[in-house]
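Questions regarding the structure given below will be posed in turn.
No lab work stands behind these numbers, since they all come straight from the coordinates. Since this is a predicted model, take the numbers as computed values, not measurements. Backbone-built Cβ (ideal geometry, glycine too); neighbour counts: all protein chains shown.
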Protein chains: 4
Amino acid sequence: MKKINVTIWNEYRHELAEGQIGEYIRKIYPHGIHTFLAEKLQSEDFEIKTATLDEPEQGLSDELLNNTDVLIWWGHCAHDEVKDELVDKIQKRILAGMGLIVLHSGHMSKIFRRMMGTACRLRWREAGEKERIWTVAQTHPIAQGIPETFVIPNHEMYGEPFDIPNDGKIIFMSWFEGGNVIRSGVTFERDRGKIFYFSPGHETFPVYHDAVIQQILTNAIRWAAPACYVPPRITKQPESPEIIRTENPLKAINTTVLHK
Amino acid sequence: MKKINVTIWNEYRHELAEGQIGEYIRKIYPHGIHTFLAEKLQSEDFEIKTATLDEPEQGLSDELLNNTDVLIWWGHCAHDEVKDELVDKIQKRILAGMGLIVLHSGHMSKIFRRMMGTACRLRWREAGEKERIWTVAQTHPIAQGIPETFVIPNHEMYGEPFDIPNDGKIIFMSWFEGGNVIRSGVTFERDRGKIFYFSPGHETFPVYHDAVIQQILTNAIRWAAPACYVPPRITKQPESPEIIRTENPLKAINTTVLHK
Amino acid sequence: MKKINVTIWNEYRHELAEGQIGEYIRKIYPHGIHTFLAEKLQSEDFEIKTATLDEPEQGLSDELLNNTDVLIWWGHCAHDEVKDELVDKIQKRILAGMGLIVLHSGHMSKIFRRMMGTACRLRWREAGEKERIWTVAQTHPIAQGIPETFVIPNHEMYGEPFDIPNDGKIIFMSWFEGGNVIRSGVTFERDRGKIFYFSPGHETFPVYHDAVIQQILTNAIRWAAPACYVPPRITKQPESPEIIRTENPLKAINTTVLHK
Amino acid sequence: MKKINVTIWNEYRHELAEGQIGEYIRKIYPHGIHTFLAEKLQSEDFEIKTATLDEPEQGLSDELLNNTDVLIWWGHCAHDEVKDELVDKIQKRILAGMGLIVLHSGHMSKIFRRMMGTACRLRWREAGEKERIWTVAQTHPIAQGIPETFVIPNHEMYGEPFDIPNDGKIIFMSWFEGGNVIRSGVTFERDRGKIFYFSPGHETFPVYHDAVIQQILTNAIRWAAPACYVPPRITKQPESPEIIRTENPLKAINTTVLHK
């Protein structure tokens, strides 16, 4: 069986923060969100690697990137530090077929905004309130085994309006105690690549500890993995499939009014 | 009546080329495509300006951009010369409500690719063959007054697969003598901005001389103009619309298994 | 100015009910929801008529239907009594360009289900809870003048999953006190007709008394009105636009393997 | 391995026609299109049955329908004879998860029109002209192993405008010698069911003899088969997930102006 090569990229700054907040976060994710997820998402059909912002080449060498089938992205306070050249490379790789799973605050990451073409803004409030998630596309591969509704007891609020393109297929929608709603699980296709944005997962709420959340991410990896067959791309017409007009295009100059 | 401020941006290189080809193109567009269009698209509800790549600030000062309601873009051989900072500004302006009309080879422009998130590649062949256009969305504002089908006698072929996002609404589809098809008129919405890509319009075929093509562009300007009312954007929740959870989020740490 | 011919159709059964509940509803809508809306939605560009289920021809004669630009539909307990022949006629008229605005419990009406192709089921709970509405597509014509968020203090809950087709463009989304969310304002296009589903508006909650709700319906009427220009439909190719193959199709029988 | 239960339904009238035309068609499909396809689409993961209009219960007993995972539909001259009650049952089954593959002239079948909500009209010309098909969604499961472009040497023309809903995802687009284009392979999702419309396949052109066409249909069966996990549907809220408002809804009558 060919395994799916998964790379979990994490900004990895919050978990290393000094003081009380860093200590607090490390109680939830002692070795970073990436390490935690790498362990929890283990599956016999996955080959999981991790990468972080402060590693050489910001964690993503050409070799690693070119061998990644699905890239998971967690970033928050250091989006701007990610180099544009790296974003270019990741985009190219996605368009060629790599899957991208963008988590939580990654909605503002350079790579997600690049893929969407929008600013990807939403409303937010950090209050630790109850979030109820509804499975809207119940038969979608990402929703396999997921109940119709479930609860995250305390979470940061993310709300509409969320400026993503209209072709975002809604898999999950969320309700927040404080009065907000959001499309919290949305898929996109861009050329040959599949993208899944999933909003649950703040650094100070233990959301990724939850088994349902882990199941959703596992499903998303399988869904986002590249299709098995990719036809060879032809960038120029081979020798034009049919009749080629070889006549002098200059003739066209005479046709000032085309519709006579 | 408040007029629609239209800015027609042209790379303006082909029309200034030396030698036979430049001379040939100047027979079609003596003062550039931008000047030609500015004249032909005149209407009492439009205030039309032009801008070109080699002008100061690449033609688009902040003042001009911030006063543009609809930007028309024609570029081909110098896409790479457009500065990223300018692309950033245009994108921001589109997301805030400015309309964008991308013509022909502009499918590879930085601004169109930025808005789409894809490479926007298509198949092409420069052969001067017949193109037949079909109006697919007959009641769309851009199709008002346009016949169900019409012909451009000689044109460069642009063909599928055309890697644009799935939410592109098809207004026109084209048939080429040589065996190709393409979604040749497609609309997108990105945040508050409307985008229309229209493939007819090469520099050596007198496509913009055609009255039907001019009508389509006129319709597109009116369609892409910003909506009259734009509610004030709130980037942070005012004081949270409802119950705010003020309790200590640290409590959440105890909930390791969320669904009990 | 050509006025928009609006017909407000109401099942008109709840408002005539005997006993305490009927009395109660008549306090809100003394002469029926249709009469109330006809008065409140008055505008100099609208010509409003009403129609009800128990009138001759179920309220919609051919003459009235053929002169209706936008049909508003309110039904609930008598969906099944609407004749299939009438549904056929309404569908035909919508596909030819008439707008359809479906209110509240009309999600289960024959005409809405016919247009959607799905059962249009949703979750519900009649509890009189708070509904908060969010304007997701803030620059859409239906959202003109509507605040980013507003509240209906007491309403029946309608919730996801709501099985409508994926091309439903979300204009509004709702949050309910009891933990549910729904796409509460959604538009569709079907051939030449525009459709708007809007969930607020139960018979025992005075939702249509609200000025914001009335503004949304007014906007929706203008949005759903037919486009001014409709090109003549050709059901058969006129004389085939190009080369017609007149050769005997029997020849094709020889081509058992087509791709050689 | 659980096999996919495929039922191929054929109107089966053309193949039984008297005279020269019937004789001609029987040279291509001696025992009907259904029998031919049942043989050619054989695969170890399929359990294929056939059904025809003139069999008892129009070929589709409740038992057969309820055990069908993917229904393939070929009809042309007898669409009107299919009973509405049967169409109701098929629709219900599709919404519950059965896949539907609609072939060629089936675009006008009652079941396809029911699922689309539109009249599904297109332009056509029976001339035996060349059709070139382009694979637009190259990584879609239905396109696995299909070349970027291929030719049907002689076929009936089907052309745009084709009035299907906007959420039709384009898998294939076709070019016709006579100047027409069409979205010839399009997918839809309706509640839990997947639908694929594929236009190639007239009764007098041996299109289904082609190996590429057969591969597309094989792919489509696998794509349209129901998802493995379907969560139990709850038609009423269990005991309301959160706070239920039990207070008297009559209170609402006092709130005549809601937004104060």
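At a Förster radius of 25 Å, what calculated FRET efficiency corresponds to the Cβ-Cβ distance of C:K40 and C:K3, to the nearest 0.05? Let's see the in-between values first.
Numbers: r = 17 Å, r/R0 = 0.69.
E(calc), rounded to 0.05, equals 0.90.
Which residue is it, in chain C, that holds its beta carbon closest to the axis of the C-onto-A rotation, and how many whole angstrom away?
That would be C:V181, 2, residue then distance in Å.
What do you get for GluC sites (Glu not before Pro) in region C:9-84 restricted to DSSP loop and a cutoff of at most 12 other Cβ within 10 Å of the site's Cβ?
Values: sites: C:E11, C:E15, C:E18, C:E23, C:E39, C:E44, C:E47, C:E57, C:E63, C:E81; in loops: C:E11, C:E18, C:E44.
Answer by residue number: C:E18, C:E44.
Next question, about the same structure. Would you mind working out the magnitude of the charge dipole of region B:1-97 relative to its Cα centre, with +1 at each Lys and Arg C-beta and -1 at each Asp and Glu C-beta, to the nearest 20 Debye? Show your work: numbers first, answer last.
Details: 11 positive and 19 negative charges, 71 e Å.
Dipole size: approximately 340 debye.
Still on this model: May I ask you to evaluate 6.51 cos²θ - 1.76 cosθ + 1.60, the Karplus curve with θ = phi - 60°, for each residue of region A:146-162 and list the ³J(HN,Hα) values in order in whole Hz, giving x for glycine and proline?
Values per residue, Gly and Pro as x: 9, x, 4, 8, 7, 10, 9, x, 9, 7, 5, 7, 10, x, 6, x, 10 Hz.
Specify whether the C-alpha gyration tensor of region A:1-92 places it in the rounded, prolate or oblate class, a ≥ b ≥ c being the square roots of the eigenvalues: rounded for a/c under 1.5, otherwise prolate if a/b is larger than b/c and oblate if not.
Oblate, because a/c is 1.5 or more while a/b does not exceed b/c.
Taking square-rooted eigenvalues a ≥ b ≥ c of the alpha carbon gyration tensor, is region D:82-155 rounded, prolate or oblate, where a/c under 1.5 means rounded and, failing that, a/b exceeding b/c means prolate? Please report the intermediate quantities before stating the final value.
Working: a/c = 3.04, a/b = 1.48, b/c = 2.05.
Oblate shape, in that a/c is at least 1.5 and b/c is the bigger or equal ratio.
Also, I was wondering about something else. Given the pairs D:K110/D:K194; B:K110/C:K169; C:K110/C:K130; B:K89/B:K194; C:K89/D:K92, which span a C-alpha to C-alpha distance of over 21 angstrom in this model?
On the way: D:K110/D:K194 17 Å; B:K110/C:K169 28 Å; C:K110/C:K130 29 Å; B:K89/B:K194 16 Å; C:K89/D:K92 23 Å.
In this structure, B:K110/C:K169; C:K110/C:K130; C:K89/D:K92 exceed 21 Å between Cα atoms.
Across region D:119-128, in residue order, what do the Karplus-derived ³J(HN,Hα) couplings come to in whole Hz, using 6.51 cos²θ - 1.76 cosθ + 1.60 with θ = phi - 60° and x for Gly and Pro?
Values per residue, Gly and Pro as x: 7, 6, 7, 8, 8, 8, 7, 8, 10, x Hz.
What does the helix-only formula give at 222 nm for chain A: each DSSP H stretch with n ≥ 4 adding -39500 (n - 2.57), the total divided by the residues, and the result rounded to the nearest 500 deg cm²/dmol? Please report the intermediate quantities before stating the final value.
On the way: 6 runs with 56 residues, N = 260.
Dividing the helical sum by the residues of chain A leaves -6000 deg cm²/dmol.
Which far-off residues, 5 or more places away or on another chain, put their amide H under 5 Å from the one on C:F150, with H placed in the peptide plane?
Under 5 Å from the amide H of C:F150 lie the amide H atoms of C:I133, each far enough along the sequence or on another chain.
Nothing charged except the Cβ atoms of Lys and Arg (+1) and of Asp and Glu (-1): what's the magnitude of the dipole of chain B about its Cα centre? Round to the nearest 20 debye. Display every interim value, and only then the final one.
Numbers: 30 positive and 35 negative charges, 214 e Å.
So the dipole magnitude of chain B works out to roughly 1020 debye.
Going by the alpha-carbon gyration tensor, a ≥ b ≥ c the square roots of its eigenvalues, is the protein assembly as shown rounded (a/c under 1.5) or, if a/c is not under 1.5, prolate (a/b greater than b/c) versus oblate?
Verdict is rounded for the protein assembly as shown.
Can you tell me the FRET efficiency between D:E55 and C:A17 if r is taken as the Cβ-Cβ distance and R0 is 41 Å, rounded to the nearest 0.05? It would help to have the intermediate numbers written out before the result.
On the way: r = 48 Å, r/R0 = 1.18.
E(calc), rounded to 0.05, equals 0.25.
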